[in-house]
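J.: The structure under discussion is supplied below as C-alpha coordinates; questions concerning it will follow.
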Amino acid sequence: MIRNDNSLFLLYMEPNKKEKLKIPIDDDITALINVAFNKALKGAANYSDINARGEIELNSGWLGEHTTDCGMSSDSYDYLLENGMIVNNLCTFYIRWYRDSICMNDWKKISKLANFYAIDIELPYDYKKQN
(Lines give C-alpha, C1' and ligand atoms only; values in the text may rest on other atoms or scores of the structure.)
Protein backbone atom coordinates (compact mmCIF):
# COMPACT_ATOMS: atom_id res chain seq x y z
CA MET A 1 0.00 0.00 0.00
CA ILE A 2 1.21 3.47 -0.85
CA ARG A 3 1.37 6.09 1.92
CA ASN A 4 1.64 9.57 0.41
CA ASP A 5 0.53 11.53 3.46
CA ASN A 6 1.77 13.37 6.53
CA SER A 7 1.85 10.29 8.75
CA LEU A 8 5.01 8.80 10.25
CA PHE A 9 5.20 6.22 7.45
CA LEU A 10 8.20 6.84 5.18
CA LEU A 11 8.86 5.34 1.74
CA TYR A 12 5.78 3.11 1.63
CA MET A 13 5.59 3.21 -2.14
CA GLU A 14 4.89 0.93 -5.07
CA PRO A 15 6.91 2.21 -8.02
CA ASN A 16 6.58 0.74 -11.47
CA LYS A 17 9.68 -1.08 -12.75
CA LYS A 18 9.75 1.34 -15.69
CA GLU A 19 10.65 4.04 -13.15
CA LYS A 20 13.73 2.16 -11.93
CA LEU A 21 17.00 3.97 -12.55
CA LYS A 22 19.64 2.35 -14.72
CA ILE A 23 22.34 3.09 -12.13
CA PRO A 24 21.67 3.20 -8.37
CA ILE A 25 22.36 6.42 -6.47
CA ASP A 26 24.75 6.14 -3.53
CA ASP A 27 25.01 9.57 -1.94
CA ASP A 28 24.38 11.38 1.36
CA ILE A 29 20.66 10.62 1.19
CA THR A 30 21.34 6.90 0.73
CA ALA A 31 23.81 7.04 3.63
CA LEU A 32 21.20 8.80 5.80
CA ILE A 33 18.60 6.10 5.16
CA ASN A 34 21.21 3.40 5.85
CA VAL A 35 22.18 5.00 9.16
CA ALA A 36 18.55 5.31 10.24
CA PHE A 37 17.57 1.81 9.10
CA ASN A 38 20.57 0.15 10.79
CA LYS A 39 19.43 1.60 14.15
CA ALA A 40 15.75 0.69 13.67
CA LEU A 41 13.66 -1.69 15.78
CA LYS A 42 11.54 -4.48 14.21
CA GLY A 43 7.80 -4.54 14.58
CA ALA A 44 4.45 -4.52 12.84
CA ALA A 45 2.79 -1.22 11.95
CA ASN A 46 -0.73 -0.36 10.92
CA TYR A 47 0.22 1.32 7.62
CA SER A 48 -2.79 -0.15 5.75
CA ASP A 49 -5.17 1.80 8.04
CA ILE A 50 -5.35 5.09 6.15
CA ASN A 51 -6.38 6.91 9.35
CA ALA A 52 -3.37 5.62 11.25
CA ARG A 53 -0.65 8.18 11.86
CA GLY A 54 2.06 5.65 12.74
CA GLU A 55 1.73 3.10 15.49
CA ILE A 56 3.94 0.03 15.72
CA GLU A 57 3.93 -3.12 17.84
CA LEU A 58 7.57 -3.93 18.50
CA ASN A 59 8.89 -7.50 18.15
CA SER A 60 5.87 -8.44 16.07
CA GLY A 61 5.64 -9.14 12.35
CA TRP A 62 3.40 -9.98 9.44
CA LEU A 63 2.60 -13.36 7.91
CA GLY A 64 3.46 -12.34 4.35
CA GLU A 65 5.83 -10.23 2.37
CA HIS A 66 5.61 -7.72 -0.46
CA THR A 67 7.32 -8.05 -3.86
CA THR A 68 8.03 -4.98 -5.95
CA ASP A 69 7.15 -4.69 -9.62
CA CYS A 70 10.85 -5.29 -10.42
CA GLY A 71 11.05 -8.44 -8.27
CA MET A 72 12.62 -7.26 -4.98
CA SER A 73 10.99 -8.81 -1.89
CA SER A 74 10.43 -7.25 1.49
CA ASP A 75 10.64 -9.10 4.75
CA SER A 76 7.66 -9.47 7.09
CA TYR A 77 8.47 -6.53 9.39
CA ASP A 78 8.13 -2.80 9.62
CA TYR A 79 10.93 -0.83 11.27
CA LEU A 80 10.73 1.98 13.81
CA LEU A 81 13.42 4.59 13.24
CA GLU A 82 14.90 6.49 16.16
CA ASN A 83 12.98 9.64 15.22
CA GLY A 84 9.62 7.79 15.34
CA MET A 85 9.13 7.30 11.61
CA ILE A 86 8.31 3.84 10.28
CA VAL A 87 9.79 2.17 7.18
CA ASN A 88 10.02 -1.29 5.67
CA ASN A 89 13.25 -3.03 4.69
CA LEU A 90 12.96 -1.79 1.09
CA CYS A 91 13.61 1.83 2.12
CA THR A 92 17.28 1.84 1.05
CA PHE A 93 16.43 -0.02 -2.15
CA TYR A 94 13.84 2.62 -3.03
CA ILE A 95 16.26 5.48 -2.25
CA ARG A 96 18.95 3.94 -4.45
CA TRP A 97 16.84 2.76 -7.41
CA TYR A 98 13.62 4.80 -7.42
CA ARG A 99 14.81 8.27 -6.42
CA ASP A 100 12.69 9.98 -9.08
CA SER A 101 9.53 8.23 -7.82
CA ILE A 102 9.67 9.58 -4.27
CA CYS A 103 6.70 11.80 -3.45
CA MET A 104 6.94 15.30 -1.98
CA ASN A 105 5.62 14.15 1.42
CA ASP A 106 8.45 11.64 1.68
CA TRP A 107 11.06 14.27 0.75
CA LYS A 108 9.73 16.39 3.63
CA LYS A 109 10.09 13.40 5.95
CA ILE A 110 13.60 12.67 4.67
CA SER A 111 14.48 16.30 5.40
CA LYS A 112 13.17 15.88 8.98
CA LEU A 113 15.17 12.66 9.33
CA ALA A 114 18.32 14.47 8.22
CA ASN A 115 17.66 17.19 10.80
CA PHE A 116 17.18 14.53 13.49
CA TYR A 117 20.62 13.08 12.77
CA ALA A 118 22.15 16.52 12.08
CA ILE A 119 23.22 15.32 8.65
CA ASP A 120 23.44 17.89 5.87
CA ILE A 121 21.97 16.52 2.65
CA GLU A 122 21.30 18.02 -0.75
CA LEU A 123 17.61 17.64 -1.53
CA PRO A 124 16.32 17.43 -5.10
CA TYR A 125 15.64 20.74 -6.83
CA ASP A 126 11.89 20.10 -7.15
CA TYR A 127 11.58 19.67 -3.38
CA LYS A 128 13.50 22.85 -2.58
CA LYS A 129 11.51 24.83 -5.14
CA GLN A 130 8.22 24.02 -3.39
CA ASN A 131 9.37 24.75 0.17
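J.: Are any residues in segment 45-90 surrounded by 17 or more Cβ atoms within 10 Å (Cβ to Cβ) and not in a loop (DSSP other than H, G, I, E, B), and if so, which ones?
T.: Ala45, Ile56, Asp78, Tyr79, Leu80, Ile86, Val87, Asn88 - these are the residues of segment 45-90 that are surrounded by 17 or more Cβ atoms within 10 Å (Cβ to Cβ) and not in a loop (DSSP other than H, G, I, E, B).
J.: Mind listing whichever residues of segment 15-40 are surrounded by fewer than 13 Cβ atoms within 10 Å (Cβ to Cβ) and under 19 Å from Asp69 (Cα atoms)?
T.: Asn16, Lys17, Lys18, Leu21, Lys22, Ile23
J.: For segment 91-123, enumerate the residues that are assigned to a loop (DSSP other than H, G, I, E, B) and surrounded by fewer than 20 Cβ atoms within 10 Å (Cβ to Cβ). Write out each step before concluding.
T.: Just the residues of segment 91-123 that are assigned to a loop (DSSP other than H, G, I, E, B), to begin with: 98, 102-103, 117-123.
The answer is Cys103, Tyr117, Ala118, Ile119, Asp120, Ile121, Glu122, Leu123.
J.: Among the residues of segment 56-63, are any of a type in the set (S, T, N, Q), farther than 22 Å from Glu122 by Cα and modelled with pLDDT of 90 or more? Working first, answer last.
T.: Of the residues in segment 56-63, the ones of a type in the set (S, T, N, Q) are 59-60.
Filter once more, keeping what is farther than 22 Å from Glu122 by Cα: 59-60.
Adding the requirement that they be modelled with pLDDT of 90 or more leaves none.
No, segment 56-63 contains no residue that is of a type in the set (S, T, N, Q), farther than 22 Å from Glu122 by Cα and modelled with pLDDT of 90 or more.
The values are calculated or read from the model by the stated rules, or taken from the named source; none is laboratory data. These numbers come from a predicted model, not from an experiment. Here Cβ is always computed from backbone atoms with ideal geometry, including for glycine, and neighbour counts include all displayed protein chains.
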